[in-house]
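Accompanying notes for the structure given below.
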């Protein structure tokens, strides 16, 4: 394990290049390029706001900020899971011809979608200013949540990518799963709207619920995060990461043949 | 699992670069792959037929000294590629141990890691980092790589616009500039034009002189002879011989010549689009050729070639093409045992008239040349349909343009008329 860690450090330039490759390729063929990172969530925000404040008559103040603050981290999760699922299959030409630590492929997907997430934050801050939502010093705590989310997503992607090599319909199931998961995560509704006896369970079995709630507490409510709360989620994420690391290495041994 | 002591630069004092100890590699050939959950559930209910096992390599033991060039000889399917993939860690051995000392760079497929949308420049850096090179290390080499590949003008163009020659040249240039301690090459010397081939060959000689260990794989014995002092001969996954290249190459050539080929052509027939047997064909139509081969399962197809030739009435050679047979051909139901069917098609046969002789020849490679194993012919008559007014043996699309072509400023004028006469 130690030698693998050393190897990963030796290959750090690869992660960087894979991430730049992902970003460059993504924006290469569209006219607006990088602007889509900002426009896409803003358009989604407009749709959600229209539906929930005009059609459904929901009474959440400053709804655009309320929804966008959760939508951005959710989009990051959805993108990294969708792309990460096929990270190994998409790179089969590489895997069957060159040796390199293959674990870097799913990791680089989480990194490149994270860069995308961070680049879309200015859109959120702009909307916050427009709706007069104040910033508290706890904004500085956001990187911790980002880190926890990154660990959690890496764990998931490290599990799904090799699974998808053996069972090619993993990617289809994941698609359905993501839709279900989206509705089970308080993105467009407040956690308070969940039946009180289920709230604790939602946090327990759905780390994304906890992560999204934390972003919202800090940026929308201007509240103070409970450090223990994130510590629990973080611990879950780390345990998952260790498990899926072993899972990946176990399945990795025959991937050259399976692809 | 026994694993490589790879890339460990502290062990460079050792005299051995690569060591294989009783290495075997098994592949499982599943006739039905459980690649979806549905298959998997069905598999739980209904036990499948036993998976077929195939040993691509069996009990291979040899070592390569630092600075040595070793050749790996063998026909297609002998296990050469598997050996290279084990050496470069793309695959893991089923049993046995592989120890390598030094940074390995493999040229299994030039430009394997290139991304079509990225520029040549970005791809050089991406490729370098695939081998664990930092940006700084690549910066130092970048100019040399580009000038070696002769791509100065195109290096900022996305590689999807590169010709295949440019693609390969860049891949080759990167590989030889990575200061590999061990370079594994799989028949890539045939890159670019002859001037570039010479340059590539010289670059490899320089690396070799600089102390790099080179593993060179080819089924071209002469290339191996000119480059490697020692060679390994693989046959059906086993190591049949190892020793000085001259001896091993002779052994290989002798083996190819002595081998009895048990195969024959049963029947050659001309067919049309609907696979109906024909003896006449309208001029300009597609010609299909169906060949039945008797090819016992034990017979390897890897050294076998099939040649298709067309002759006219006077025996003039109209067309010829030789193709390698694939590793496996399906058996056909209902026919005798070992019978296999292959089909060729010639689109829009451009012959105007007359009988055409179709000759199919089964050949095998024997050292530098080829031997004929079996040959059969059939003849069809070409009906000169739609050939009224023309003469000669070829059917050519032809026309006269009676007037001078319109100049650009006349483009909008409706008065320009072209009188044409065409055969169609």
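Compute the FRET efficiency between residue A:259 and residue B:318 as 1/(1 + (r/R0)^6), taking r as their Cβ-Cβ distance and R0 = 41 Å, and round to the nearest 0.05.
Numbers: r = 44 Å, r/R0 = 1.07.
After rounding, the FRET efficiency stands at 0.40.
What is the order of A:97, A:62, A:28, fewest Cβ neighbours within 10 Å to most?
On the way: A:97 21, A:62 16, A:28 11.
Lowest count first: A:28, A:62, A:97.
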>> Going by Cα centres, the range A:235-253 and the range B:78-150 are how many Å apart?
In response: 27 Å
> With each pseudo-label sitting 7 Å past Cα toward Cβ, what's the residue B:226-residue A:138 distance in nm, one decimal?
Replying inline: 7.4 nm
> Can you give the direction-averaged projected area of the convex hull of the alpha-carbon atoms in the range A:2-258, in nm²?
Replying inline: 15.1 nm²
> Most fluctuating residue of A:156, A:105, A:178 in a GNM of chain A with Cα springs under 10 Å: which is it?
Replying inline: A:178
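If you wrap a convex hull around the C-alpha atoms of the range B:264-383 and split its volume per residue, what is the figure in Å³? Could you put the intermediate results ahead of the total?
Values: hull volume 12.6 nm³, N = 120.
Expressed per residue, the convex hull around the Cα atoms of the range B:264-383 is 105 Å³.
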>> If you average the C-alpha positions of the range A:160-177 and of the range A:128-158 separately, how far apart do those two centres end up, in angstrom?
In response: 28 Å
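Once R0 is set to 30 Å, what does the formula 1/(1 + (r/R0)^6) return for the Cβ-Cβ distance between residue B:201 and residue B:305, expressed as a FRET efficiency to the nearest 0.05? Can you show the working numbers first?
On the way: r = 27 Å, r/R0 = 0.91.
Here the calculated transfer efficiency is 0.65.
Provide the convex hull volume over Cα atoms per residue for the range B:238-291, in Å³.
Numbers: hull volume 9.2 nm³, N = 54.
Convex hull of Cα atoms, per residue: 170 Å³.
May I ask you to compute the full-extension gain from residue A:243 to residue A:224, defined as 0.36 nm times their residue separation minus their alpha-carbon distance, rounded to one decimal in nm? All intermediate terms of the calculation are to be shown ahead of the outcome.
Numbers: separation 19, 0.36 × 19 = 6.84 nm, distance 3.18 nm.
This chain segment gains 3.7 nm when fully extended.
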>> Using Cα springs under 10 Å in a Gaussian network model of chain A, which residue among A:34, A:167, A:229 shows the largest mean-square fluctuation?
In response: A:167
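Once the convex hull of the alpha carbons of the range B:64-205 is built, what does its volume come to per residue, in cubic angstrom?
It is 129 Å³ per residue.
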> Across 5 Å bins from 0, what is the distribution of all Cα-Cα pair distances for the range B:144-288, in whole percents?
Replying inline: 2, 7, 13, 13, 11, 9, 9, 8, 10, 8, 6, 2, 1, 0
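Tell me the mean residue ellipticity at 222 nm calculated for chain A from its helices only (DSSP H runs of n ≥ 4, each -39500 (n - 2.57), averaged over every residue, nearest 500). Display every interim value, and only then the final one.
On the way: 13 runs with 192 residues, N = 259.
Counting only the DSSP helices, I get -24000 deg cm²/dmol.
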>> One quarter of the convex hull surface, Cα atoms only: what value does that give for the protein assembly as shown in nm²?
In response: 43.7 nm²
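Using a Förster distance of 56 angstrom, determine the FRET efficiency expected from the C-beta separation of residue B:139 and residue A:195, and round it to 0.05. Don't skip to the answer; put the middle values down first.
Details: r = 59 Å, r/R0 = 1.06.
After rounding, the FRET efficiency stands at 0.40.
We did not get these values from a lab; they are worked out from the coordinates using the rules stated. This structure is a prediction, so every number in the text was calculated from the model and none was measured. Glycine also receives a Cβ, built like all others from the backbone with ideal geometry; neighbour counts cover every protein chain displayed.
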